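Here the structure is laid out as structure tokens; the discussion comes afterwards.
The values are calculated or read from the model by the stated rules, or taken from the named source; none is laboratory data. Here the structure is a predicted model, which is why all the values come from computation and not from measurement. Cβ: placed from backbone, ideal geometry, glycine included. Neighbour counts: every protein chain shown.
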Amino acid sequence: MLVHEDDSTPLAALNVVYDVGARDESPNLTGFAHLFEHLMFGGSMNIPDFDDPIQLAGGENNAMTSSDMTIYYEVMPAQNLETAFWLESDRMWSLNFDPTVLETQQKVVVEEFKETCLNQPYGDVMHLLFDMTYKVHPYQWPTIGKVPQHVEDVTMADVKDFYYKYYRPNNAILVVAGKVKTEEVRRLAEKWFGNIPPGITPKRNLPVEPPQTELRRLVHEANVPLDSLYLAFHTPERLHPDFYASDLLSDVLSNGQSSRLYRRLLKEKNLFSSIDCYLSGSTDPGLIIIEGKPNEGVTMEQAREAIWEELNELKSKPIEALELQKLQNKVESSLLFSEISALNKAVNLASFEVLSNADLINDEARLYQEVTTDDIHRMAGEVFREENCSELIYLSKK
């Protein structure tokens with residue numbers, strides 16, 4: 001349990017974080033962690049509907065699932081916080097295993113899959129990219145799953161097995177932030193969660209993705225308005241010392257209108273109508289992904305060469321100290337703003353505690369500031385190698 005006391009707000013946020021995500025799924029039953037997020041709102045032993053009590057308490061609630069964790073949260077006036085303890089403890093104690101609820105949520109998630117992945121332009125990009133970049137690690141499918149049939153095939157036995165394996169107090173982290181006192185939070189935690197029986201702590205033994213040794217390339221055609229190019233490169237895991245240099249490396253390429261890809265390839269050379277670069281930031285080794293839509297008349301080969309010219313420049317010489325300092329200042333500002341609200345503070349604390357290091361929240365700004373231009377240069381050489389690249393050429397059907 002973690003508590004952050006903050007008297008500057010009248011609100012309090014409660015997070016219950018379960019150390020389970022899409023990477024814990026079977027390859028034949030993907031999308032299950034995301035489906036389970038929906039099922040957790042289908043009622044529990046004493047609470048048929050979660051929205052009414054939250055609204056009566058003047059609050060709001062929601063959840064989010066990633067490949068690495070699942071977070072449920074409530075935000076409300078601090079004096080009504082016990083309502084959140086009641087709700088979260090009741091669904092941890094006993095979920096409503098109603099076949100009708102399961103069937104309803106299966107349909108909801110399948111429709112979400114169809115809407116966002118099958119019927120939306122470029123909706124299957126991450127399916128294609130992850131399948132190329134990961135050959136053994138379960139990051140090879142996105143959180144929503146490989147195919148909708150996996151969610152359609154879920155049984156009530158699967159639901160109960162998953163619930164009693166992962167949704168136990170010994171696999172959960174409770175975080176409360178806002179206008180609260182630690183002793184009162186401890187009292188409420190004991191009152192509402194103290195009698196819930198623990199389960200057997202899950203042992204995670206995921207396959208380690210081997211180093212990529214050759215360029216992977218896929219050409220895909222679909223009914224989309226514009227051709228698009230995606231380059232994905234493997235990067236270190238979230239707790240690796242080089243994570244911060246990797247993150248800033250992606251910012252050098254694409255963080256605002258003064259970033260290299262935007263300024264040089266979009267504004268100056270007019271080669272792209274849009275271009276971006278981002279880091280996945282996953283618990284296990286992740287990806288830096290560059291995506292761009294070439295302008296009309298620009299060939300895919302020209303687009304690729306222009307991007308690689310920028311990457312090779314980063315490999316050939318360090319960036320200027322001033323360029324790095326501007327990016328570090330942006331990061332520090334973002335970190336400060338991300339902790340203004342009680343909810344964001346609670347989510348950040350929970351995310352770090354899942355990584356087994358909640359204290360890291362106090363070190364993040366310093367660790368970014370300690371990155372040097374030589375670190376950026378070294379990471380560019382390690383990451384931006386052709387044999388470490390997976391290239392997706394996404395073509396519009398003519």
### Which listed residue is touching a residue at least 40 places away in the same chain (Cβ under 8 Å) and not polar (S, T, N, Q), from Leu343, Leu322
Leu343
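Residues checked against (1) under 27 Å from Cys117 (Cβ atoms); (2) within 19 Å of the chain's Cα centre (by Cα):
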| position | (1), (2) |
| --- | --- |
| Ser8 | no, no |
| Met40 | yes, no |
| Ser44 | no, no |
| Ser67 | yes, yes |
| Phe85 | no, no |
| Ser89 | no, no |
| Met92 | no, no |
### Task
List the number of the failed condition for Tyr73; all other conditions in (1) of a type in the set (Ser, Thr, Tyr); (2) assigned to a strand (DSSP E or B); (3) over 29 Å from His137 (Cβ atoms) hold.
(3)
### Query
Here is a list of conditions, (1) under 17 Å from Ala78 (Cβ atoms); (2) in contact with an Asp or Glu (Cβ under 6 Å, 6 or more places away or on another chain); (3) of a type outside the set (Gly, Ala, Ser), and Pro10 meets all of them except one; can you say which number that is?
(2)
### Message
For the list (1) touching a Lys or Arg at 6+ places or on another chain (Cβ under 9 Å); (2) under 30 Å from Pro138 (Cα atoms), I need the number of the one condition that Ala306 fails.
### Response
(2)
### Query
Considering Leu279, Leu218, which residue is in contact (Cβ under 8 Å) with a residue 40 or more places away in the chain, surrounded by fewer than 21 Cβ atoms within 10 Å (Cβ to Cβ) and in contact with a Gly (Cβ under 7 Å, 6 or more places away or on another chain)?
Leu279
## Note on the structure
Taking region 36-66 and keeping residues within 25 Å of Ala157 (Cβ to Cβ) and in contact with a Gly (Cβ under 8 Å, 6 or more places away or on another chain) leaves Phe50, Thr65
### Task
Can you give me the number of residues within region 352-384 that are hydrophobic (A, V, I, L, M, F, W, C), more than 18 Å from Met69 (Cα to Cα) and part of a loop (DSSP other than H, G, I, E, B)?
2
### Message
So, Leu239, is that one in contact with a Leu (Cβ under 8 Å, 6 or more places away or on another chain) and in the same structural domain as Glu309 (by TED's automatic domain parsing) or not?
### Response
yes
### Query
Filter region 241-257 for residues that are in contact (Cβ under 8 Å) with a residue 12 or more places away in the chain and outside any helix (DSSP H, G or I); which is nearest to Ile376 (Cα to Cα)?
Asp242
### Query
Out of all the residues in region 301-324, is one or more out of contact with any His (no Cβ under 9 Å at 6 or more places or on another chain) and at pLDDT below 90?
no
### Task
For Ser390, state whether it is within 21 Å of the chain's Cα centre (by Cα) and either within 30 Å of Val175 (Cα to Cα) or assigned by TED's automatic domain parsing to the domain that holds Leu11 (or both).
no
